[in-house]
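Comments concern the structure below.
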Amino acid sequence: MSATAQPGTIPLSAPRAANSGPMAWARANLFSNWINTAVSLALGYLIIRYAVSFIDWAFVQAIWSVPNDAQGRPDTAICRDNRDGACWAVIREKHRFMLFGTYPFEEHWRPALVCLLFVGLYIVSAMRRFWRKELALIWIATLSVIAVLMWGGVLGLSHVPQDRWGGLPITLILATFGLAFAFPLSILVALGRRSKLPAIKALCVIYVELIRGVPLISLLFMASVMFPLFLPEGMNIDKLLRAQVAIILFAGAYLAEVVRGGLQALPKGQYEAADALGLSYWKKTSFIILPQALRLVIPPLVNTFIGFFKDTSLVLIIGIFDLLTAGKTAIIEPQWQPFAVEVYVVVGLIYFVFCFAMSKYSAGLENELNKSQRR
């Protein structure tokens, strides 16, 4: 068919650029009436003002290094005299302690490699083409290498006890193992709460309500102080492992309610269709019910993941040097204490990078799964 307009008709024209693009979006969303215009201008002024002030403090007036005094120690007088800019020299001086805690200084390459292995494991696990049985072997192999690097004692590596671990590796260990074990536990508990067997249902309800009724701090205290009292004489479980179990139990209870919400949101017809096919309970749950239910609750699941990743910082109350605790301890020396803001900015940026990555990945995964479902 020819693209020439027929006689007596008005040819169609492309929409004008004025109806689309950034300017059109701004007119429609920011300046559609006088109230929106006033609010947008006020917020824009505040954002620009404080952004310029932050850039001036963080970059223009900042001090990046300080000279050493006669004793060979950093001379922070230049930073104390500079009240208009940041003193990033504290990061340059203390970054190793912030990242790795009291781990032996000459062995810092080991926890640094551990952090890279964790990031690589996250990236591989996020790729759907690796969602096969071999992924479990990748996890086992990577975690085994991480354990060898952190503990040592083999392959010529010096042994480093767990009370010397600290910083970012501790945060990644607690978050990774905590969520890796809490997620399957939450699925079992969510299924148990919907079970027709009264004993299993009651046990799951008691577990969820009991754990959700107390703060994580109380569980960490119980794991650190009270739990060893119930152990046999001469038996002791490492403090880090006790904290890890407390985090797993706490996260499992909250995630179980999220998963149960997905199971309840699934139409009853899906259950009936699976029963009509003659599938067993576990096949019906594994291949039909759970994939659809988990797809529905991706946003609250990831929101819970992000919350527990940040909650790992609470282990400081039982003397475990996570990333936040190592950052606070790094500025315990009097000459660095006035520059705590710079340390907290860097620590917060590290937390933000991991949490933002989880958020963006979950949004992309949700769009991809919904798109495949519409097809």
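Structural remarks
- Of the criteria (1) touching a Pro at 6+ places or on another chain (Cβ under 9 Å); (2) not in a helix (DSSP H, G or I), which one Arg242 fails: (2)
- Within the stretch 107-131, residues that are in contact (Cβ under 8 Å) with a residue 24 or more places away in the chain have Cβ atoms under 7 Å from residues that are of a type in the set (S, T, N, Q) and not in a helix (DSSP H, G or I) in these pairs: Glu107/Ser158, counting only partners at least 6 apart in sequence or on another chain.
- In the stretch 134-178, the residue that is nearest to Leu323 (Cα to Cα) out of those that are in contact (Cβ under 8 Å) with a residue 60 or more places away in the chain and of a type in the set (Gly, Ala, Ser) is Gly167.
- The requirement of being in a helix (DSSP H, G or I), surrounded by fewer than 18 Cβ atoms within 10 Å (Cβ to Cβ) and of a type in the set (Gly, Ala, Ser) is not satisfied by Ala256.
- Qualifying residue in the stretch 85-99 (condition: within 23 Å of the chain's Cα centre (by Cα), over 26 Å from Phe339 (Cα atoms), among the hydrophobic types (A, V, I, L, M, F, W, C) and assigned to a helix (DSSP H, G or I)): no
- Filter pass, Gly261 being closer than 25 Å to Ile170 by Cβ, modelled with pLDDT of 90 or more and either touching a Gly at 6+ places or on another chain (Cβ under 7 Å) or in a helix (DSSP H, G or I) (or both): no
- Only residues that are of a type in the set (Lys, Arg), closer than 30 Å to Lys94 by Cα and surrounded by 10 or more Cβ atoms within 10 Å (Cβ to Cβ) were counted across the stretch 30-83, and they come to 2.
- Test: residue in the stretch 232-239 that is surrounded by 12 or more Cβ atoms within 10 Å (Cβ to Cβ), assigned to a helix (DSSP H, G or I), within 28 Å of the chain's Cα centre (by Cα) and at pLDDT below 90: yes
The values are calculated or read from the model by the stated rules, or taken from the named source; none is laboratory data. Everything quoted here is computed from the prediction, not taken from an experiment. When we count neighbours, we look across all protein chains shown, and the Cβ atoms used for this are built from the backbone with ideal geometry, even at glycine.
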